[in-house]
Amino acid sequence: MTDENHILTRPLGAPAEEAAVEGAATGVPDEDSVISAIATVYDPEIPVNIYELGLIYAIDLHDDGRVDIEMTLTAPNCPSAQELPEQVREAVAALPGVSKASVMIVWDPPWDMSRMSDDARLALNMF
């Protein structure tokens, strides 16, 4: 997911200060707004949004308004395998300044419960 028009490529959890400043300067959505949009998507079997579950592996913002997202699922045979990526794509595509949103499913590294946020663990009573 790299090209000459690329603004940001970093794994989630890396410092965001530069991304926020760069996004504001170019008029494209910043990572925080993309994360907020993704957080509106919930796994239908678990009362936690997919961002807090740790299913989002990378968000790439481009200066032409494209947003590329790498995500995984809790398991390859997940019953929501078709709908969750499309819900993420639709949520991000609806943001102002997004010209195109794409979601790629990745399986490496495999998802495990250690990827969940503390909020997700609390909501699921998993400590």
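State whether one or more residues within the stretch 96-113 are outside any loop (DSSP other than H, G, I, E, B), more than 29 Å from residue 127 (Cβ to Cβ) and without any contact (Cβ under 8 Å) to a residue 12 or more places away in the chain. No - not one qualifying residue is present in the stretch 96-113. A search for C-beta distances below 7 Å between a residue of the stretch 51-69 that is of a type in the set (Lys, Arg) and any residue that is part of a loop (DSSP other than H, G, I, E, B), counting only pairs 6+ apart in sequence or on different chains, returns 66/99.
Look at residue 2 and say whether it is at pLDDT 95 or above and of a type in the set (Ser, Thr, Tyr).
Working: at pLDDT 95 or above: no; of a type in the set (Ser, Thr, Tyr): yes.
For residue 2, the condition - at pLDDT 95 or above and of a type in the set (Ser, Thr, Tyr) - is not met.
Only residues that are buried (at least 17 other Cβ atoms within 10 Å of the Cβ) and either among the polar types (S, T, N, Q) or modelled with pLDDT under 95 (or both) were counted across the stretch 103-112, and they come to 1.
Okay, residues lined up against (1) crowded, with 16+ Cβ neighbours inside 10 Å; (2) in contact with a strand residue (DSSP E or B) (Cβ under 6 Å, 6 or more places away or on another chain); (3) modelled with pLDDT of 90 or more:
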| residue | (1), (2), (3) |
| --- | --- |
| 19 | yes, yes, no |
| 24 | no, no, no |
| 30 | yes, no, yes |
| 44 | no, no, no |
| 60 | yes, yes, yes |
| 94 | no, no, yes |
| 101 | yes, yes, yes |
| 114 | no, no, yes |
| 127 | no, no, no |
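Screening the stretch 114-125 for residues that are in contact (Cβ under 8 Å) with a residue 24 or more places away in the chain and part of a loop (DSSP other than H, G, I, E, B) and picking the one that is farthest from residue 37 (Cα to Cα) gives 124.
Please tell me if residue 90 is within 17 Å of residue 35 (Cβ to Cβ), modelled with pLDDT of 95 or more and open to solvent by 80 Å² or more (accessible area, probe 1.4 Å). Yes. If you go through the stretch 70-87 and keep only what is in a loop (DSSP other than H, G, I, E, B), in contact (Cβ under 8 Å) with a residue 12 or more places away in the chain and surrounded by 14 or more Cβ atoms within 10 Å (Cβ to Cβ), you end up with 72, 73, 74, 80.
In the stretch 56-69, the residue that is farthest from residue 111 (Cα to Cα) out of those that are of a type in the set (D, E, K, R) and not in a loop (DSSP other than H, G, I, E, B) is 66.
The values are calculated or read from the model by the stated rules, or taken from the named source; none is laboratory data. Because the structure is predicted, anything quoted here is derived from the model rather than measured. Quick reminder, even Gly has a Cβ in these numbers, built from the backbone with ideal geometry, and neighbours come from all protein chains shown. Quick note on the areas: whole protein, heavy atoms, side chains included, nothing else; ligands and nucleic acids left out. Shrake-Rupley method; radii C 1.70, N 1.55, O 1.52, S 1.80 Å.
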